[in-house]
Each structure stands twice: as structure tokens, then as C-alpha cells.
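The values are calculated or read from the model by the stated rules, or taken from the named source; none is laboratory data. Everything quoted here is computed from the prediction, not taken from an experiment. Cβ: placed from backbone, ideal geometry, glycine included. Neighbour counts: every protein chain shown.
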Amino acid sequence: MGLPKNSLLEEILYTIIVLCISGGIGWIIKYIFQLIIRLIFHIKHFTILKELISLRVISSCSHIVPPLVILAFIPFVFENEAIISEAIRRLSIVYLLTTIAIGLCSILSFLWMRYDTYKNTRNLPLRGVLNVGKGIVWIIILIIAVSVLIDKSPTVLLTGLGAFAAALMLIFKDSILGFVACIQISQNDMLHVGDWVVVPSTIANGIVIDVSLSVVKIRNWDNTIVMLPPYSLISTSFQNWRGMSDSGVRQISRSILIDNNTIIQSTPSLIEEIKEKIPYLSDFISQSTTKGTLYNNGVASINGTTETNLGVLRAYVCQYLISHPMISSNSQILVRLMPGNASGTPLQIYCYTTTTDWTIYEAVQSEIVEHIISICPTFHIEIADSNYIPT
């Protein structure tokens, strides 16, 4: 090249050449592997190959090649400068360790996604475990890298870190608490992604969209995102509606306030009037008249009396709920009177819909309440006019 003879200049020039060669080899290997995977995916359409491409696993792992090439060529670049050669060798090893950590984290992310997608049937929050795994990888790599730079054994470095344990506990307090909380949440099956949860001490009331080592993300029904530390769910109570969703039924518990002044003793004429207007109460009225009050202990049974118009109304509502197509006859059905006051006596309807869908559930609940309110005049009963709030 016409340059004067100079060992330092030669070493700099060779160093640049080695860096270019290592970078070029790394790029070529990455390109070849990615091309092969894309061609195979184009032919076979394997899902695992698509995930490898989307997570850039091959690209991350290919970063290991350049530092290996640099380590191979360093002895030929610095023949006389042992100190510089040793320093660059150590830096190259640190570079190699960093690329190994990046590759391992990428592989962990791939394995986590595969397991979470295809094997995590219980939908457990495993992202926290993934974050812990990545954290452990980086801690190990950091310890080894520091030991390489200071030319000391990793065990000596770990012994020295014991003096900083208290400081490390303070620095990583949230991560440690989050790790413990994630283990407790997973072990006790307390929370899944997709669960509807309510945390009374916060504004959180919605669907869990992510659980990680440091945060639990909850999308409220108004589409706002609430972020809570995992340990806050362990240290306080929260309500999980997953049991309701898994059961396939949802509870209705509503009360209608009956005007006390309209509750009267049944008369033969009133009974006959009700039998004419509601024929399918005839069997209940006949049995109650001849055998007295009947008490049924089934989860879906008709209970009422013919002593008062309110007793007959209770029997009618029981029969109405049992015959309703959207009310589960295998779950508890109750129509009962709650403690009253001067405003009136609450008539409570307690049953379960056969769906957990919010829209249908509210429609069924509204339909039942509307029907009961509309049928009350048939029994000569009126709804109390007060500020009573139904339960």
C-alpha cells in the first residue's frame, strides 16, 4: 500500500481487517441460516420455523460468531505487544459472553412462547419465571465477565459480593418480591392471564392481560390499563371471577320491595281469580289447600303458601324461574323474604343463569325483574315507592 514500515500501524491495520472479517463472517452465517429457514418454511410451513423467525432467534444466536473469529485471529495481529493482545483478548471474551447471554435469552423466550402457547393449558402466569431465568443468565454472565476483566476466579468475586448483600437486597427488592409473588400465584393457581379480577383497594376491575416479574397489567372495562406489582396481590385480598366463568353459570341476586299495605290474607275469591289468570298454579294451589303448606328441599323447588297473596306470588316466581330456559335448574333457586322496614318487605330472587356472558346475563336479569314487577298487580300486590336500593 506504499505505507512506511511501522509495527503499530500494521497492528492497527490488521485489527481493522480482523474486525471486518469477523463482522462479515457473522453476517454471512446469519444470512445463510435465515435463508435456509425461510426456504423450509415456504415449503413446509412449520409453525416452529415461523416462531423462530418472528422472535429473531437465529439472528440473536449468530452474534456469537464475530467474537470467536476475533479470538482466533488476535494471536496473529499482536505478535510483540503482549499487554495489548491480552487486553483485547479479555474484551473479546466479554463480548463473546455478552453475545452468549443474548442468544440464551432469545432461546428462553422461544421456549417460553412454545410452552405458553401449546402446553400451558391452565394459562398460568409464567412470564415472571421467564424474567427470572433471563435475570439469572445475565447475573452469571456478569460475574464471569468481571472475573475475566480482573483476572480473578469467579468464586473470589462471589465471596466479595457477600459484603454487598444488604445493598443488593435493597436494589433488587421489587424484583425479589415479584419473583416470590409469581411463584405463590402460580403454585396456588391464584391468577391466570384472561381472568376477570377486582382489587378492592385499587381501581383495578377488569381482565388480566399480562403477568410479569415486576407488574400485573389489568385492562379495566373502560379500556384503561391498571398496573400493579405482583406482591400487592399477595399482601392484600382480591376477587377472581374465574370460578364463575368456569362453572358456566352466573348468580342473580335481586330484591323487589313490596308495599306492606298490599300484603293481605288470601280469600277464596282471590285464589279463584289467580287460578283463572294463571292456570299452571292450579296444581300448587290445590295441593296447598288440601295438604297445607308444602316444603320442598330441592335446589330448584317451588315453595310458597296460599295463606297470603305474597305467599302465592312466591310460589309463582319459583315456578317461573324453574321453567325459564335461561335459568339453571341444577343450581340453587330461592325466592325469599328479607328483613323489611317501614318502606316495605324485600322479595329476593336468588338463582343462576345458564350463561356467563355479560350482555345475555344482564338481559335475562332485567327480563325476570320486569316480569315480576308486571305480574304483581295480578296478585293485588304493589311495588313500594321508596329510595330502597335492591341488593
### Message
Residue under question is Thr308, and the condition is that it be surrounded by 15 or more Cβ atoms within 10 Å (Cβ to Cβ), closer than 15 Å to Ile381 by Cα and more than 47 Å from the chain's Cα centre (by Cα); does it hold?
### Response
yes
### Those residues of the range 269-324 which are among the aromatic types (Phe, Trp, Tyr) and over 19 Å from Cys351 (Cα atoms), in sequence order
Tyr280, Phe284
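Results for (1) modelled with pLDDT under 90; (2) assigned to a loop (DSSP other than H, G, I, E, B); (3) among the basic types (Lys, Arg), shown as yes or no for each residue.
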{"residue": "Ser214", "(1), (2), (3)": "yes, yes, no"}
{"residue": "Lys217", "(1), (2), (3)": "no, no, yes"}
{"residue": "Met227", "(1), (2), (3)": "no, no, no"}
{"residue": "Ser232", "(1), (2), (3)": "yes, no, no"}
{"residue": "Ile252", "(1), (2), (3)": "no, no, no"}
{"residue": "Ser255", "(1), (2), (3)": "no, no, no"}
### Yes/no for Thr356 being among the β-branched types (Val, Ile, Thr) and within 30 Å of Asp195 (Cβ to Cβ)
yes
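If you check Ile29 against the conditions, is it modelled with pLDDT under 75 and among the β-branched types (Val, Ile, Thr)? Explain how you work it out, then say what you get.
On the way: modelled with pLDDT under 75: no; among the β-branched types (Val, Ile, Thr): yes.
No; evaluated as a whole, the condition is false for this residue.
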### Message
Yes or no: the range 358-380 includes at least one residue that is of a type in the set (Gly, Ala, Ser) and either modelled with pLDDT under 90 or in contact with a strand residue (DSSP E or B) (Cβ under 8 Å, 6 or more places away or on another chain) (or both).
### Response
no
### Task
For the range 265-282, indicate whether the set of residues that are surrounded by 15 or more Cβ atoms within 10 Å (Cβ to Cβ), touching a Gly at 6+ places or on another chain (Cβ under 8 Å) and not in a strand (DSSP E or B) is non-empty.
yes
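Here is a yes/no grid of residues against (1) modelled with pLDDT of 75 or more; (2) under 28 Å from Val65 (Cα atoms):
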residue	(1), (2)
Gly103	yes, yes
Phe110	yes, yes
Gly135	yes, yes
Lys152	yes, yes
Leu158	no, no
Val180	yes, no
Asp195	yes, no
### Query
Restricting to the range 213-233, what's the tally of residues that are crowded, with 19+ Cβ neighbours inside 10 Å and touching a Gly at 6+ places or on another chain (Cβ under 7 Å)?
4
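With the condition kept exactly as written, say whether any residue in the range 285-305 is assigned to a strand (DSSP E or B) and surrounded by fewer than 16 Cβ atoms within 10 Å (Cβ to Cβ). Write out each step before concluding.
Start the filter on the range 285-305 by keeping residues that are assigned to a strand (DSSP E or B), which leaves 300.
Subsequent filtering for residues that are surrounded by fewer than 16 Cβ atoms within 10 Å (Cβ to Cβ) retains none.
No, the range 285-305 contains no residue that is assigned to a strand (DSSP E or B) and surrounded by fewer than 16 Cβ atoms within 10 Å (Cβ to Cβ).
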